Amino acid sequence: MRFFPWVLLLGLAAAFALSSLEDGDGAPAGEGRGLEGRVSRVVDGDTIHVQVDGRREKVRLIGVDTPESVKPGTPVECFAKAASAFTKQALDGRRVRLTTDAEERDRYGRLLAYVRRKPDGWFHNAELVRQGYAMVLTIPPNVAHAERFRRLAREAREAGRGLWRAC
């Protein structure tokens, strides 16, 4: 087989393009500012409290929607307790990096963020979807991971993981 130099150039160009989509923390370049803190409380599967620079931030995870477990006037939904337990086990008391997208806050004043656990980089928003604890909730303009989350949800649904099997 004959080696063509342009094949090598295409491979290098693809590698460069992929690496330029991420910053040093593994976060897509399209994400906004980052904050670090410690999770002080897990409200439910997609809402946490994080201590950041001496203040408490109520954080709503971007791009995901777990079944309701604590919404006033709403019954506990199928798989809600499992989603909350998963978030508690993965994040409670742990150091995290929060990165925003196009909008930093929702209409309730909550910080909207992608949550990565420190120091291992566990991407909690994506894992909720991948393991079937959450459905995708895309609210433009916060769409940095929308395609990835849709792919992960499709795979979870096809494999019958989590809420896709139980509910």
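No lab work stands behind these numbers, since they all come straight from the coordinates. Here the structure is a predicted model, which means the values were calculated and not measured. For neighbour counting, all protein chains shown are included, and Cβ atoms are generated from backbone atoms with ideal geometry for every residue, glycine included.
Values as computed for the structure displayed
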read-out: Cβ-based exposure ranking for R97, R157, in which fewest neighbours within 10 Å come first; value: R157, R97
read-out: Where labels lie 7 Å past Cα in the beta-carbon direction, separation of D106 and R157 in nm; value: 2.1 nm
read-out: Kirkwood estimate for segment 32-166, i.e. one over the average of 1/r between Cα atoms, Å; value: 14.8 Å
read-out: Inter-label distance for S40 and V143, nm, one decimal - labels placed 7 Å from Cα along Cα-to-Cβ; value: 3.6 nm
read-out: Residue-span extension gain [R95 to W164] - 0.36 nm each, minus C-alpha spacing; value: 21.9 nm
read-out: Separation in nanometres of the label points that stand 7 Å from Cα toward Cβ, at R150 and T74; value: 2.4 nm
read-out: Cα-based shape type of segment 62-122, given that a ≥ b ≥ c are square roots of the gyration tensor eigenvalues and the cut on a/c is 1.5; value: oblate
read-out: Sequence of D106, D53, D44, D101 once ranked by neighbouring C-beta atoms within 10 Å, starting from the fewest; value: D53, D106, D44, D101
